[in-house]
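Read the structure below first, then the notes.
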Amino acid sequence: MTELHRWLGPWLASLALVGCSEASPAGKSDNTAGTDGGTPTTASGEESTASTGSGGSATTAAGANGTNASSTGGATGSSNGASTGATGQAASTAGMATTSGDSTSGDSTSGDSTSGDSTSGDTTTGGGGRPSYATLREAAAAANRLIGAAVDAAALAGAGTQYSETLAREFDYVTPENATKWGPLAPTSSSYDWQGADAIVDFAEGHQEVVKGHTFVWHEQTPSWVSTSMSASELNAALKSHIETTLARYRGRMRAWDVVNEAVDVNTASGYRESVFYQVLGPGYIADAFRWARAADPDVLLFYNEIGAERLGAKSDFMYTMIQELLDAGVPIDGVGLQSHVSTHRYPSESDLRANIRRFADLGLRVNISEVDARTKNVPGTQEARWLMERIAFQQVVGSCVVEPGCEAITFWGVTDSYSWLNEESEEDPLLFDRSYMRKPAYAGALDGFMGLLPVRGANLVANSDFAGGATGWEATTGELTVAAAEGESGNAACVNGRTDVGDGLLQSGLLEALQAGGPLAFSAMLRVDAPSSVEAALLIVEGGEESEFNIASRAIAQDQWLELSGYLGLGFEQAPSAIALKLYGPASGVELCATRVQLQPLTVD
Ligand code: G3I
């Protein structure tokens, strides 16, 4: 097995094998400050953001819950929450039998969904003597993590036994997708409809699954009778009453609640989303909601959940500072959810995701990866190619959670491709099971992730990536390119001076041969500027005679400090490309941009 980009999985530790000693990319210095890169939000809520504030920090305190007294749910650290209610499956994995060969009941590489036996709980493994797990529940329990799914009340009631059997067999953590939101629960100001929520909680209890309620405060699916025409005291009273009523009904039956969902919007002047709650109550509604929830049920875990904040950037930085200030003020927050609605086209690197998980864990919080799904259809290509990218994306997300002690759970936003909110726009295939409940390659990716295995990186496709060969293979789009010993870094760096536009920088063309097959790729580079700036990496692709720019990653960067810019991408083409180049750029004209260790590596699976 390739040792590069492989982390010591829990199973390796238990087998007392020698671990990999490679340092985490997240361990690199990463002091950033600045502004939003301004890349728009995608339809899936994925956001590309630059960052402010603290970057990757050192080791984590394993989700210790130091800021409040809640004792419900899984313990922290090594026992990590999976102990709560997930007991049915955990015991069965204790032996962790190993298997050899490349058995692929949910065929991990071919993209052939029909090879997966979705009903038997058949064993799926990777090669090389890895342990075998019959289900995700087993794999997650062995990793001391919870494996969750968002559950659609209508599907649970009417989709047939395959839906409920899959949910029961594969998952131990349930989030009602819509049934516990305020709007569906309280159609009028004086009535509640508990039917869908009750059915999900009953089902979970019957199958040794724990439940996270979702969500008391959100700008969507708010009852129609909640509006900006209410006074602050009316809205406060209504929200407090809703929290108290709902917590009273499910007291002792829920592990956790998303108390506030998606309160951040870095495109507003304040940074807060201008929801009805913000408009009527100001930002104080966030602290109030958590305090009312803790008072109403001191035992349930209380989460703040956010979209588009999984990567390091302006949004996650705002959220981090907000949560830190709330904790400092004594607001009872036990954990955060990083939703992770991604696209295989462009998604956070493991370096970003892990550093982000770690900084929230270092606040004493539990971290959930709370709403995972992946659009695959915006990358052109065959289903096999798209599903391989999906597999690698899911392996990366799950693996990043498993190797970060502060991350206690991964929840997929749906059980099968048939029941995904993404289908409302156009048919997508963003989940672990296909429309026939067959395990997709993504399933094998999740299993590998639970074994602590991150995607394998191939040889660097960038020539003269560390400038050991001087400027060979590189050019400046404008200005002057010089190569010299990197200040504060090992080896050489290339610097461009006299840039005349934000779009100017360092260019390596001639990547057509290496990239024309497309596929999943990891990008990273170390960058430095002489004035606070935004930096970006992009592929310039000529297809059908037209050049387009594909942004890989954007970050804010402080002055005179090296920053790792990184991202993952899935590359596919509508037509055969005729030229491909990599460009590093972004600072204002005149700002010096330096780079070294530029990497573009194909990602594969074992
Ligand atoms: O229940 C009605 C049904 O009575 C009606 O016949 C039908 C007609 O379209 O609509 C049904 O309601 C839909 C509901 O899902 C249940 O299927 C709503 O129109 C639809 O808007 C709603 O979408 C949900 C969406 O939140 C609301 O914005 C998605 O299922 C749900 O997956 C999605 O979940 C959110 C998370 O809560 C927070 N994070 C982002 C995530 C994705 O948007």
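Checking residue 111 against (1) out of contact with any strand residue (DSSP E or B) (no Cβ under 9 Å at 6 or more places or on another chain); (2) modelled with pLDDT of 50 or more, which single condition isn't satisfied? Failing condition for residue 111: (2).
Please go through the range 235-252 and give me each residue that is assigned to a loop (DSSP other than H, G, I, E, B) and either within 16 Å of the ligand (Cβ to nearest atom) or loosely packed, with under 15 Cβ neighbours inside 10 Å (or both), ordered by number. Residues satisfying the conditions are 251, 252. Residues of the range 208-234 that are of a type in the set (S, T, N, Q) and either surrounded by 15 or more Cβ atoms within 10 Å (Cβ to Cβ) or within 12 Å of the ligand (Cβ to nearest atom) (or both): 208, 215, 221, 222. The residues of the range 332-347 that are open to solvent by less than 10 Å² (accessible area, probe 1.4 Å) and of a type outside the set (A, V, I, L, M, F, W, C), listed by number, are 334, 335, 337, 339, 340, 341, 343, 344, 347.
Residues being outside any loop (DSSP other than H, G, I, E, B) and either within 16 Å of the ligand (Cβ to nearest atom) or open to solvent by 10 Å² or more (accessible area, probe 1.4 Å) (or both): count how many of those fall in the range 295-312. Counting residues in the range 295-312 that are outside any loop (DSSP other than H, G, I, E, B) and either within 16 Å of the ligand (Cβ to nearest atom) or open to solvent by 10 Å² or more (accessible area, probe 1.4 Å) (or both) gives 6. Return yes or no: is residue 228 in a helix (DSSP H, G or I) and among the β-branched types (Val, Ile, Thr)? In short, no.
Scanning the range 269-294 for residues that are away from the ligand (no atom under 16 Å from the Cβ), open to solvent by 10 Å² or more (accessible area, probe 1.4 Å) and assigned to a loop (DSSP other than H, G, I, E, B) yields 269, 270, 274, 282, 283. Quick check on my filter: what residues within the range 436-450 are surrounded by 24 or more Cβ atoms within 10 Å (Cβ to Cβ) and in contact with a Gly (Cβ under 6 Å, 6 or more places away or on another chain)? 439, 441, 443, 444, 448, 449, listed by residue number. Cβ-Cβ distances below 7 Å connect the following pairs, each with a first residue in the range 411-437 that is at pLDDT below 95, a second residue that is within 14 Å of the ligand (Cβ to nearest atom), and a separation of six or more residues or different chains: 425/43. In the range 441-477, of all residues being among the acidic types (Asp, Glu) and under 33 Å from the mean Cα position of the chain (by Cα), the one that is nearest to residue 388 (Cα to Cα) corresponds to 448. Evaluating residue 174 against the criteria (1) without any contact (Cβ under 8 Å) to a residue 60 or more places away in the chain; (2) within 16 Å of the ligand (Cβ to nearest atom); (3) open to solvent by less than 10 Å² (accessible area, probe 1.4 Å); (4) not in a strand (DSSP E or B) leaves one unmet condition, (4). State whether one or more residues within the range 182-189 are within 16 Å of the ligand (Cβ to nearest atom), at pLDDT 95 or above and touching a Leu at 6+ places or on another chain (Cβ under 7 Å). The answer is no; no qualifying residue exists. When the residues of the range 407-424 are filtered to those that are assigned to a helix (DSSP H, G or I) and under 21 Å from residue 310 (Cβ atoms), the one that is least open to solvent (accessible area, probe 1.4 Å) is 422.
Of all residues in the range 548-591, those satisfying the criterion of being within 23 Å of residue 314 (Cα to Cα) and part of a loop (DSSP other than H, G, I, E, B) are 558, 560, 561, 562, 586, 587, 588, 589, 591.
Look at (1) in contact (Cβ under 8 Å) with a residue 60 or more places away in the chain; (2) surrounded by 15 or more Cβ atoms within 10 Å (Cβ to Cβ) and you find that residue 491 fails only one, number (2). Kindly evaluate residue 197 against the criterion of being surrounded by 19 or more Cβ atoms within 10 Å (Cβ to Cβ), within 16 Å of the ligand (Cβ to nearest atom) and assigned to a helix (DSSP H, G or I). When the stated conditions are applied, residue 197 passes them. Conditions first: (1) within 16 Å of the ligand (Cβ to nearest atom); (2) crowded, with 20+ Cβ neighbours inside 10 Å. Residue 427 passes all but one, so which condition is the exception? Only one criterion in (1) within 16 Å of the ligand (Cβ to nearest atom); (2) crowded, with 20+ Cβ neighbours inside 10 Å is unmet by residue 427, namely (2). With respect to residue 500, determine if the residue is farther than 30 Å from residue 394 by Cα, touching a Cys at 6+ places or on another chain (Cβ under 6 Å) and assigned by TED's automatic domain parsing to the domain that holds residue 594. For residue 500, the condition - farther than 30 Å from residue 394 by Cα, touching a Cys at 6+ places or on another chain (Cβ under 6 Å) and assigned by TED's automatic domain parsing to the domain that holds residue 594 - is not met. Looking at 510, 488, just one residue is at pLDDT below 95 and over 30 Å from the mean Cα position of the chain (by Cα), and that residue is 488. If the condition is being open to solvent by 10 Å² or more (accessible area, probe 1.4 Å) and of a type in the set (Ser, Thr, Tyr), then the range 354-406 contributes only 382. Looking at the range 253-268, is at least one residue in a helix (DSSP H, G or I), in contact (Cβ under 8 Å) with a residue 24 or more places away in the chain and open to solvent by 10 Å² or more (accessible area, probe 1.4 Å)? No, the conditions are met nowhere in the range 253-268. Inside the range 234-263, residues that are of a type in the set (D, E, K, R) and in contact with a Lys or Arg (Cβ under 7 Å, 6 or more places away or on another chain) make up a count of 3.
Each residue in the range 153-170 was checked for being within 16 Å of the ligand (Cβ to nearest atom) and in a loop (DSSP other than H, G, I, E, B), and 1 pass.
The values are calculated or read from the model by the stated rules, or taken from the named source; none is laboratory data. Here the structure is a predicted model, which is why all the values come from computation and not from measurement. Every residue, glycine as well, gets a Cβ built from its backbone with ideal geometry; the counts of neighbours run over all protein chains shown. For accessibility, only protein heavy atoms count, side chains too; no ligands or nucleic acids. Shrake-Rupley method; radii C 1.70, N 1.55, O 1.52, S 1.80 Å.
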